[in-house]
Each structure stands twice: as C-alpha cells, then as structure tokens.
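Below is one structure; the comments refer to it alone.
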Amino acid sequence: MSFFGFDDNNLENDRQRFLRGEQPNNQPIPEYTWGAEGYDGLGDALQEGGDDLNDETFGGSGPVGKDFDFSGTSGQPEYQSAENQHPAPHNELKYHDPLLGPPSQHQQQSAPKGIPPNSLESLWDDKSPFSALPRTSSRASPGYGSPIGYNRLESPSQGMNRNGMRNAGDLDGEIRILAQQNREREMAAQRQILLQQQQQQEEYLLRQQEQELRLREREQQQQNYLQEQERRRYLLQQEQMRQQELQQRDLRHDLMRQRERELLQQQQYQQQTRTPPPRMLASPSPRFLEHQRQMQIIQYQQERQQALRVQELQEQVRMENLERQMRAQQIGGHQRQLSNHTMAELQAAQAQLERRQRSQSPAARLPLGEGLHYVPQQPRTLADITQSDMLRDLGGTPAEQETLRMEAMRKIVEAEKLEEKRRRRAAKIAHMSRYNDLMTQSDKDFITRIQVSQLVTQDPYADDFYAQAYSQIMRSRMGLPGHDERVLKFGAGGGIGLGVAPKGNHRRQSAMQKMQQQVERIVNNARRREEEKGMHSLHSLQGALGKTSGRSYKAAPRQLLQVDPNASTSPSLAHATAHISKQDAADDAARPKEDAGAEAARLGREALGDAAHATDFVNRDPLTQKEALHTLEDIHDLVLRAEQLKQEEPPEEDEEQYVAWDIEYSAIVDKMWLTVKVMAPIATSDPHPFISLLMPMKGKRVLLRLARHFTNQQMLTMLTLLVACYSQLDVVRTSAILDTLEDTKERAEVERQLHTFLATVLQVIVSVVSNASLRLITGLLGLLLDKNDVPTLAQTEAGLSVITVLLARVEVIKQSLSTLTEEEMPTPDDASQWQMMYDHMFELLTPVFPLLFPSTRMLTRGYQLPPSNPVIDALDRPAWQFLATFALHAAPEQQPILVQSLREKVLENVISAKKGWVADEEERAAKLANVDLFLQALGLSSALIEP
Amino acid sequence: MLIFSVFKTLTDQQVTVELKNDLSITGVLKSVDQFLNIRLDNIQVLDAARHPHMMAVKNCFIRGSVVRYVQLPAEHVDTQLLEDATRREAANPSKR
C-alpha cells in the first residue's frame, strides 16, 4: 500500500503515538529536501491534478440535505465504546478551530444541525474497517482491502441474514393470511410490498453511499486533525505538506478502491447462497431493528433474485422445449393434439420442478393451464408462491405432494427420453442428409422409367397372373367385392401388373399414379420411336439396368440338363418333361407310336371282323402314373385356357365377337372333354383312364374346375362313369388301411387323399345329384349295385358317402313332392323302381350292417380298441349318418331287421355314454349324438334306452 | 416375372432370405423389384453370434443376385395357384 515508496504507516504511527500521548515534538521530524542530498527526485514525478471533484466528494459543493439521516440523533452506547478510541474533546476542539482551513468546511456544516458529529458514523462504526483497524492491526491503510476488513463487514450481515430468514417466515405468514382474501387484492398488496421494499432498498443504498461519504469525511477529519496537531505544534514545512497531500491522495485512492470493493462485495453478497449463518442474539434496539429490516429486505430481494434467475432459466428451458417441440412437430408431423398434451405435461412437470426448487414454498398442485398464458415474470413468481401457499393451506398432504413429485419426475424423465430419441433421430437424419439431392428428380425419374418400362408387357394380367389371382382370391375370401384387375393398361396392349392391392396407402397410390404417368409417357415415346425407326425401340433400354433373366447371367452354373424342347413330338408333353430328362422325353415321344401300333392292330382286328368290332373297345393297360400326370398337365393347361377365356367372355350383344369367342371356348371345352377320357368305354382298362386321372391329388382337385366348363349332360355322363367305376377309385381300394390303428405314412397319405376326395370329387357328385330326378338316381343306384360290390363298397367311407348322397337326394325328392312341377314329379313307375332298387340294396347290406362301422371292422381285425377314443366316434359318424338316411327309406318290415342287427352297437354306445365309462363329456355327447342320429330316423331316441 | 409376381403378394410378410455367403436373414419383406432385389425390415440374422457385424442392422437391401434361397411363409402361398401360374408361364414359351 505504499505510494512511491513512502511508508504509509507514518500517519497511523503518528496517530498511535498521539493517542498514547506521546509528543511528536520528541521525535525527529524527517526532513525532505528537494534538490538536496539524498533526494530521489520523485516529487517531480508526481502528477498533480484530478482534484476537480474534490469539492463534490468532500461536501464542499453546497449544503448537504438531512434526508439521509434515518437513524435519528440518539447516541448509541455501542458508539460510545468505539468513540472512546477517538478522543472526542480533541476532535471537537480541532474541528472548531478557525485556523484549520478548508477541510473543516463540512464539519462546520454538519455541526450546526445539532447532530453529534459521530452519531451517524457510530452506526457503522463497529463494522467499519476504519474503526476496526486500530484494534485489529496497527497498520491503518492496508486494512482497507484486507480480508479482515471484509470479514468484519460481512459477519454482522450474516447474522442479520439469519434473522432475516425468520422474518421472511413472518412475511410468509402475512402473505398467507392475505392469500385467504381476494387474490387480486393480494396481488396488489404484494406489489405494494414489493414497491416498498424496492424503495427501502433504494434508500438503503443511498444511505450506504452517504455513509461512505461520511466515512471519507471522518477519514479526512482524522487527517485534518493530525495535520492540525502538527501545524499547531510545529511549523509545517512545505515538504511535510506535500507528504500530507501525498498521503491524502493515497487515502483517497484507497477510498475509491474501497468503494469499488464494497460494491463488489455487495454484489457477491447478494449472489451468495443462503447458508444458515450463526444465530445472532436479537437485541430490541431500534437501530438493530432497523438493521434487521434492511437485512430482511436484502435477503428477500436476494431470494427473489434467485427465484427470478431460476425462473428465467426455467423459462428459457421451457421455451427451448417448446421450440424443440414445435420443430419436432414440423419435422415428425406429430399430431398436434398429442404435442399439446405433451406440452401441458411438460409445463406441469416444470411447474412442479419450480416448486421443488423453491424449497421454501412447499410443492402444491398448480393447474395445468397455469403455464399456458404468459404472465410477467415478477408477478408470476409471487402469484405462484401465493397460489401454491393457498393451495397448501387448502389441502395436499406430504404424501400427495410426494406422489406429485414422483409423477413430475417420471414425466420429466419420459420427456427427456423422448427428447433424446428425437435428437438422435434428428442427428441421423442430418447425417444422412449429406446425400440429399445427390440425384436430381429427373435422374430418379429416368431410372424409374427405365425400370418400369421393362415391366411393361403385352399381357399384364397373364404376366402378373399369380399376384392378380391371389389378390382376387384373398379379396373374395375376405368377402370384399372381387374381380378388379390390378393392372395398368396403356392403350392397345401393354401394361403392368400391380400385384396385390395396397391397403389404403395414399402415398403408394400417388406413387402409382405418378408411375403410371411416367410409364405412359415412356411407352408412348417408345411407340413414336418405333414408328420412326421401324424397329423395337425398347431394345435400346434392354439391360440398361441389368438383366432380369437369370440365364444370361454369366456366373450362373452351367446347365447340366440340356433339353431340346423340340425333341418331343407332343408339344404339350415337351414342357412337362423338359425338366425331367432327355431320356424321358424320348420315351414319351416313342409312346404315341406304340399307341399308334395298338390302334393299327385294333383296326386290323376290326377289319378281320373281330367280336369286339361293334364297340369302340380297346382293352389296354391302365394309365401309368406318369401318363396320368401328363394328361392332368394337359388338362390343367386347358382348364387355365378355358378359365382365361371365360374371363374374357364378351357380352352376348356383340355377336361377332361372341361367336368367335364361343367357337374358341367350345373347342377348348371339347378338347378337355376328350382329354379326361370319360367317353372311353368302361371296360377299357381297370382302372378306367378317367379314374386313373382322379388318383393323383391334383386330378381330384382339377375336377372341380373342370366341372364348371362342362355341360349338365357331360357331367351326368361323367357321374355315370364315376358311379360305374366307383370301386376302382383309389380311395375305395386303399380304404382298408384306414381300418388299422397304425400311424404310418401310407395311412396318413390315404387319409389325405380321402379328405381331398370328399372335398372335391364328392362335391362334384353332390352338385350333379342335387338336380337329378328320381329316375336318374334309381339308375345310378342300379349301376352302382350292378358294377360294384356294394357290401365292400359300403365298408369304405367314400362308398358309404356316395350312397348316402344318393339316398339323401331321394329323401329330398320325397319331401318336396308337393312343390315339384308336373315334369319333375316322379311317376309311380319311378317310385316302384326306386323301391325295388332300395330293397335290393337292403338285402345286400343286411349281413354287413355292423361292419359298416370302422370301429367294428377294427375289432374284427383283432385290434384292441381303447375303451374311449373320440377318434373312433368320429370315424363311426359317417356310418351312423348313412344308417340314418338308410333307415328313412326302410319299409316298416325292414326296420326291425335294421334295429336287430344294430342293437348291440346302439346299446354299446348308449350304455358306455350313460354309465359314465366315458370320462370325456364331449365324447359322451358325440356317442349319444351318433346313436340318436340313427334312432331318430326310426322315430326312436337314446333317451328311451334304459341301461 | 412369375417369381416377381409371387413376391409381390408376400410384401409385409415374414420371410427368410438365405444368401450365397451363407448368411440367413429373417425379416419383413418390404419390397421387391424385377431383379428380385429385396428390401427387408426388422431383420434378424440366423446364428447372430457368428455375425456380430449384423447386430445393429435393422433393415437391409439385398441385391437379387446374391440370394440363394428365400423361405416363404407357407400359409401365404397358394400352392395350387402357383402351380397354375407356373403352367401359364410354361405354356407361354416366349416369356422364358
């Protein structure tokens, strides 16, 4: 703190010495002689000036008002103790000495006011570094900036702080009381309080300034005093004066710095966290109260400042969040509602966060909408505080608050997570956006055009057949209006199959439209170029993006099977065998020649007048499986062609086209009819070629599709053949395997075939029979009985089923006699014919009635049936159904025979069901249902049977 | 075009694509084009432990030429219709 190397202790030392009563006279006064020996010349380096404001600073500018005098005039005891250090009489004396000179000006002004000159100082005396210095340190000036002074200044205020908190609580209480009143009034009151506080603070600041001023004055007075002392006792030399002045300057300089520091301190102090300071004993002195009040104000303002800062930060965060949300809304296209909801949530969470941070005001519920309208920051904080206080008063246990807090935490965490996710997504998008616009839209269009143009075909439906048919099937299965080709067509021929209809995807639909336009354009362009060049211009784009055909792919493995499609004479066989082998193809090619040879032999025999010449009879080998499959492939091709033609059927009004179509279609159907070989004589082979065709699974399946194209007459012919050759069917021949219980592959295969047969071939039979007359049924039954071994046939499910179908149709005819027209009405002759046929069948079946049941058949084969097996009941069900239908037609004298032969079976079922041997309720019900099915046909019921 | 047509009906279905590098990827078929390039979503690699580099991959575009097999969901393929479609294609030699 030395200035230009002077020892600035001098003044203080002097003062100390003076205070001790030492006579400065006794000490040698250092003489500063400029220009003399030992003079360092520093005096010339001094800069004089900057004293313009001295008057203002030291009160020389005019009368000083009294308005800063808040503490009154009363002398304080504390002051006295401090005052003691300054010998007051001396002070008074020196101050009033007219010889003193200019520095006493202010003193003279303040003295007439009747205020003890030190009364104001005393207020701050005990805290002032100046007054403290003599006690703590012998060094005067360095104390200004020393930590000691700082602490001294701070510690009382810390004490106040503590007290201030208590008072803040009181204030809180006040506010609470107010909160129960009208809110607006309360707001006004709050604002008033705030205003008052602001005023008070201003006053406080003013006073502080005043006090600083006074401090400076006192400092000066001290200096003056010392100066006076020295002047009175010695004649002051100029050098000494200079020194004094220098010291004064020094002090002034220090004062300025001190002021700065004080301001800084104040700021720091206000920013300090509110750590609970040691409790200070509250003294009831008015000055203390005044202090307290001031400190309270400070503290309140600090609190408010902090709250404001927190709120500002939160506001900022909230705004950021909102902004982000808005951005997310724009980017992600979030639902506005949802986002609003989230916003509200966020705000609620934030409000709770705020409340949590404001530790003094306990958390309370804030309405969600609170945060939505903008409230100026300051009043809003107060409003929040008061409102939360009010709500706290109204209710809200700590538990509820805790849950609320937890909820808020959860929401915050959720929001954070969402935010994090969004940010990551945005970052990714930003990262990927590097590649944006790498291709222009026209580039993309160009590529799309090329790509799509390769999809354009002459027959889009056929080329996209699978997808088209599949989507149609799916649609019909879902009960939607079907038959709508998802095909883009361009003018005459050409188009693209679109595959499965999109599920209401607008984006995709618009993309489709766009593509359609593009493709139309390219197709039209291609046409034009074609006309210009006279060549197929699409070739120019062929392979532009690669090749669709895998065969031309160079890395493809070399084909091991080199098949020449022209090796076979039969084009239809060619493609079928193409993938098998060349050898096969050769065999197939040879076969027709053999047939031709056989044919020639037949012709020769006919020419020789062979016995068989009357019929078109060639006893030949049955179709091999391969032959059957080949034939079936031919049939499939025909069926597909027929189906396609059926779809393209032109309206009958368009005669010309219709006739042309009809001719084509009829030709296909005729070819089909020939291919199924129904017209081959029954005795051609065993099995009949047609039956052979029904053996493979796909043969059974294709029958349903064939049936749609054949006429009724053709179908009847087919049915007649089928019934005549029924026992040749694979499902009849292999049915014995079903009477075993072994779970073998063969059995599974037979079962599968049977199920397919019942679902396809039998359905075809049912559809034909359902329109048949009684006479036809009689004829069919007669044929069945004539050509097949009915007792054996009846022991197969397929056989049993077909007889049941015939019998059921007769029953339907019998029941609907009244509604039938004249033509349909069976003649009595027909009826008697039928009865005759039935009686014949009854006779044939009587010995095997029990054997109709698979369960019985299994027993006779020596299988030990499990006592309760739902599978067995299911197997027996067709038999029961047959017997029920059969019994309906039974004459009164036939019924006892029927019952007699089935008595055991019926009883067995009923007893096992009723005696509870069967554990499973479902099975019991099935057993009884089976029996009742039969008994009810006879007018009986299982309920009548008492076990 | 047949297989393309078939794949068109399988969009949004779960398929397993076996690649020629023995990688087997199961995922939801998003799209195919005429080169049988395949776009899969939500993918899962068979034997993921052997292919750690695929762990983070969630969707992919597979060039058609690197596909060895595609395992189709049986319930979404109409075998008979597929047979018919094959016959149609076979009956029309120009398309081969």
*In Hz, Karplus ³J(HN,Hα) per residue of the stretch A:651-657 (6.51, -1.76, 1.60; θ = phi - 60°; x = Gly, Pro)*: x, 5, 5, 6, 4, 4, 5
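Rule-of-thumb check for chain B: C-alpha Rg over 2.2 N^0.38 Å?
Details: Rg = 14.6 Å, N = 96, 2.2 N^0.38 = 12.5 Å.
My calculation over the Cα atoms of chain B gives 1.17.
With a Förster radius of 41 Å, plug the Cβ-Cβ distance of residue A:317 and residue B:47 into 1/(1 + (r/R0)^6) and report the FRET value to the nearest 0.05. Each step should come with its number before you reach the end.
On the way: r = 48 Å, r/R0 = 1.16.
The computed FRET efficiency comes out at 0.30.
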*Only helical DSSP H runs with n ≥ 4 go in: add -39500 (n - 2.57) per run for chain B, normalise by residue count and round the 222 nm mean residue ellipticity to 500 deg cm²/dmol.*
-6500 deg cm²/dmol
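Given a Förster radius of 25 Å and the C-beta distance between residue A:925 and residue A:759 as r, what FRET efficiency does 1/(1 + (r/R0)^6) yield to the nearest 0.05?
Numbers: r = 26 Å, r/R0 = 1.03.
FRET efficiency, residue A:925 to residue A:759: 0.45.
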*Can you give the Rg and Dmax of the stretch A:862-946 based on its C-alpha atoms, in angstrom?*
12.8, 38
*Across peptide B:74-84, what mean number of C-beta atoms from other chains lies inside 10 Å of a residue's C-beta?*
4
*So how do A:673-685, A:442-454 stack up, highest first, on mean other-Cβ count within 10 Å?*
A:673-685, A:442-454
*Which whole-number percent is the relative contact order of the stretch A:625-676 (Cα, under 8 Å, 6+ apart)?*
48 percent
*May I ask you to order A:731-743, A:198-210 by the average number of other C-beta atoms within 10 Å around their residues, highest value first?*
A:731-743, A:198-210
*Accessible surface of residue A:476 - all protein chains present, 1.4 Å probe, nearest 10 Å²*: 80 Å²
_Net length gained if the chain between residue A:741 and residue A:643 were fully extended (0.36 nm per residue, minus Cα distance)_ = 31.0 nm
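Kirkwood-based Rg over Rh for the stretch A:691-847 (C-alpha set), two decimals? Let's see the in-between values first.
On the way: Rg = 16.3 Å, Rh = 16.5 Å.
Using Cα coordinates only, the ratio equals 0.99.
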*Hey, got the average number of other protein chain Cβ atoms within 10 angstrom for residues in B:28-35?*
3
*So how much accessible area does residue A:527 have, in Å² to the nearest 10, using a 1.4 Å probe?*
90 Å²
*Using a basic spin-label model with each label point 7 Å from the Cα along Cα→Cβ, how many nm lie between residue A:944 and residue B:30?*
7.2 nm
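Taking the highest mean first, how do the peptides A:637-649, A:924-936, B:71-83 order by number of other beta carbon atoms within 10 angstrom per residue? It would help to have the intermediate numbers written out before the result.
Numbers: A:637-649: 17.2, A:924-936: 20.3, B:71-83: 13.8.
Those peptides, ordered most packed to least, come out A:924-936, A:637-649, B:71-83.
Would you kindly calculate the mean projected area, averaged across all directions, of the convex hull enclosing the Cα atoms of the stretch A:625-676, in square nanometres? Don't jump to the answer; show the numbers that get you there.
Numbers: hull surface 13.1 nm².
The Cα convex hull of the stretch A:625-676, projected and averaged over all directions, gives 3.3 nm².
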*Count, for each residue of A:457-469, the Cβ atoms from other chains sitting within 10 Å of its Cβ, then give me the mean as a whole number.*
6
_Check which residues have an amide H placed less than 5 Å from residue B:70's amide H, if you skip close sequence neighbours._
B:18
_Cα gyration tensor, the stretch A:832-904 - rounded (a/c under 1.5), prolate or oblate_ = prolate
*Report the calculated FRET efficiency for residue A:440 and residue B:19 (r = Cβ-Cβ distance, R0 = 41 Å), to the nearest 0.05.*
0.80
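The values are calculated or read from the model by the stated rules, or taken from the named source; none is laboratory data. Bear in mind that the values here come from a model prediction, so they are computed numbers and not experimental data. All Cβ positions, even for glycine, are placed from backbone atoms using ideal geometry, and neighbour counts span all protein chains on display. Ligands, DNA and RNA are stripped out before the accessible areas are found, and what is left, the full protein with its side chains, is counted by its heavy atoms. Shrake-Rupley method; radii C 1.70, N 1.55, O 1.52, S 1.80 Å.
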